[in-house]
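Undergrad: Starting off with a structure, shown below.
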Amino acid sequence: MSYQVIARKWRPQSFNDLVGQQHVTETLRNAIKNNRVAHAYIFSGARGVGKTTAARILAKALNCVKGPTPDPCGECDSCKEIAAGTSLDVIEIDAASNRGIDQIRELREMVRYAPAASRSKVVILDEAHMLTGEASNALLKTLEEPPDRVIFVMATTQPEDLVDTIRSRSQHFHFRVLTFAEITKRLEEIARKEELKVEPGAMAVIARMAEGSLRDALSLLEQARAYCGDTIPDEEVRALLGVVPEDALDELVGAIAEGSADRALGLVHTFQKEGRNLQHFCREAIRHVRNLLIARVCGADSDLIAATPDQRPAIAKAAALFSEEDLTRFFQILLQTDDDLRRKPDPRVHLEMGLLRLIHASRLAPLEELLAELKSGTPGSGTNIGASRAGLSASAQARPVAAQAKTPAFESTEARHQSPAPHAPGTMSAPSEVAAPKGQGTAPRVHGISVEQVAEIKAAIQAQQKFLGELVEHGSTWELEGPELCIYFSPDKHAFAEMIGGRESLEKIRNVSSKVLGRAVRVCARLESVAAAAASASGPQDLRTRFERDPLVRSMLERFGGKISEVRLRQEEK
């Protein structure tokens, strides 16, 4: 007998052998037991998860001499012929190459006749979504009024491409992709039976590269066996499949944690020199960051992590170096980099830019951290200001502009990333004055509401949520007109207006204000016009002074070492 590859030799021969598709096998077994087998089925799912194999097992179960039975014997002539693909009553058609109306007409003629030697005639249409529209219509009438003892099974990777009339006349089963643990377990069983010695690291690499397809995993195991022999080590499998060594991923994590662009770019240079596929490295990095994120969120013992038990301690240690927000940001950057590598020329440049974004992304700090430092009056050092997903960008904080269209605001020009010069003219390295915190400085202007009521509202908000209370303190004008209470902010305080403008924050302010005022009110946060904001400033020097005292601008200047070169009114937008 000619040699059979592992994927064919260990193809499942019964419902019990199918891995990870219990929802399908149990339904089919019960249908056979209760004599309720449908005349048409659709088996959909990714490649290599058992669709065509399940159709063959169904044919054996219906035609076994001991059946119909959910557990075919595999020893009778019918079972052996179906397993070998020589049965006259099991017709397997590749719809990708036999997709025309003429082939379907021939099929209709074939199914009109009774089975030659079996109980039922089973027609398996592989890649059924490839049928033309005319062929689908020709098949439709047969599915609507099928001949006696004929079962149709349509296997497809794209069930949405099947016409709705065919889907409505069939029972649809979706085969799911297999998990890392399920593939690993099956590979270990087959390796023992084949007397193969596979290192755990090599087994993990094969299972990850299969991407949920057991057939792909078995094909990779066959390839590794041909390359390495009966002993399959981790390093040789990685070299065979073009997978980067495990220590390269550890080196990348260390470079990100230390903020070392030199180490990260050195990895790209090494891979380029060794002739490795750079996109494979990017995808391995994506899988590794996913493992780190799951370890951070769910713990290192989670079944969701695609790693062997001996790799989990290192994953847990690396995950502890970053926050969930950091790892989520890394994940998004790597996904974008993978897209660039696939679509654009010069992969080395795009990979280097992606790794540099990872290095700089680790230095970002959320806006909440900045505000907490401003409240304490002790800004930290060595961390750049970054925008969290709910916050603002560093440039937006450094240059206050209008948050709404057609709303003029102050605009500043600054030198970026300059080294701070102590006591240099115009440099805001350590100003002695700080913008007055709550309760100090000029009281807000009021219209239609008393100063005492505003103070009471502020105190109640401060008692409920300190952070929201700090934001409200920056309102320059409180105006109550009818059922609407508006809090106005000067254009240079647009960041606070945006943070208050969220639905949850406005709802809290509305509840407190309604209790204090004794009636229901609506609350909104708005920006003052340039004219109103400039009315309180007597000249350009006063504008510059107010801008220099802004706490967000001060913190940005201290962290980036910049300086304010000019403060001017932006022209009115039309």
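Undergrad: Please report the relative contact order for the range 1-104, taking Cα pairs under 8 Å with a sequence separation of at least 6, and give it as a percent rounded to a whole number.
TA: 23
Undergrad: Another question, if that's okay. Please report the relative contact order for the range 6-175, taking Cα pairs under 8 Å with a sequence separation of at least 6, and give it as a percent rounded to a whole number.
TA: Relative contact order for the range 6-175 comes out at 31 percent.
Undergrad: Next question, about the same structure. Multiply the residue gap between Asp94 and Lys515 by 0.36 nm, knock off their C-alpha separation, and tell me the result in nm, one decimal place.
TA: Here the answer is 144.3 nm.
Undergrad: Per-residue counts of other Cβ atoms within 10 Å, averaged by peptide: what ranking do you get for 95-103, 285-293, highest first?
TA: In descending order of packing, they fall as 285-293, 95-103.
Undergrad: While we're here: Let me check I've understood the local charge: for Thr27, count other residues with C-beta under 12 angstrom from its C-beta, Lys and Arg +1, Asp and Glu -1. What total comes out?
TA: +2
Undergrad: Once amide H atoms are built 1.01 Å from N in the peptide plane, which residues 5 or more positions from Val446, or in another chain, come under 5 Å H to H?
TA: Placed amide hydrogens put Trp478 under 5 Å from Val446.
Undergrad: Using a Förster distance of 30 angstrom, determine the FRET efficiency expected from the C-beta separation of His360 and Glu324, and round it to 0.05.
TA: Efficiency, from the Cβ-Cβ distance: 0.95.
Undergrad: Would you please classify the overall shape of the range 246-361 from the alpha carbon gyration tensor, given that a ≥ b ≥ c denote the square roots of the eigenvalues, rounded means a/c under 1.5, and beyond that prolate means a/b larger than b/c while oblate covers the rest?
TA: In terms of gyration-tensor shape, prolate.
Undergrad: Beyond 26 Å between alpha-carbons counts as too far, so tell me which of Lys51/Lys344; Lys33/Lys121; Lys33/Lys141; Lys51/Lys80; Lys121/Lys141 fall in that bin.
TA: The pairs that break the limit, which is 26 Å between Cα atoms, are Lys51/Lys344; Lys33/Lys141.
Undergrad: How high is the FRET efficiency from Arg445 to Leu265, r the C-beta distance, R0 45 Å, rounded to 0.05?
TA: That pair, Arg445 with Leu265, gives E of 0.25.
Undergrad: Output ³J(HN,Hα) for the range 165-174: one whole-Hz value per residue in order, computed from phi by the Karplus curve 6.51 cos²θ - 1.76 cosθ + 1.60 with θ = phi - 60°, and x for Gly and Pro.
TA: Each residue's phi maps through the Karplus curve to give 5, 6, 5, 6, 9, 10, 8, 9, 10, 9 Hz.
Undergrad: Place the peptides 468-478, 78-88 in order of packing, highest mean first, counting for every residue the other Cβ atoms within 10 Å and averaging per peptide.
TA: 468-478, 78-88
Undergrad: Once you put a point 7 Å from the Cα of Lys9 and another 7 Å from the Cα of Gln158, both along the Cβ direction, what distance in nm separates them?
TA: 3.6
Undergrad: May I ask you to list the aspartates and glutamates whose Cα is less than 12 Å away from that of Lys197, ignoring any residue fewer than eight positions away on the same chain?
TA: Once the sequence-local aspartates and glutamates are set aside, what remains near Lys197 is Glu188, Glu189, Asp230, Asp234.
Undergrad: Over the range 246-361, what is the mean sequence separation of C-alpha contacts under 8 Å (at least six apart), divided by residue count, expressed as relative contact order in percent?
TA: The value is 34 percent.
Undergrad: Can I ask one more? If you average the C-alpha positions of the range 142-183 and of the range 60-95 separately, how far apart do those two centres end up, in angstrom?
TA: So the two Cα centres are separated by 19 Å.
Undergrad: Could you please state, rounded to a whole Å, how far the C-alpha centre of the range 222-250 is from the C-alpha centre of the range 440-476?
TA: 65
None of the figures in this text is laboratory data; all of them are computed from the coordinates on show. Everything numeric in this text was worked out from a predicted model, so none of it was measured. Glycine gets a Cβ as well: all are built from the backbone with ideal geometry, and neighbour counts include every protein chain shown.
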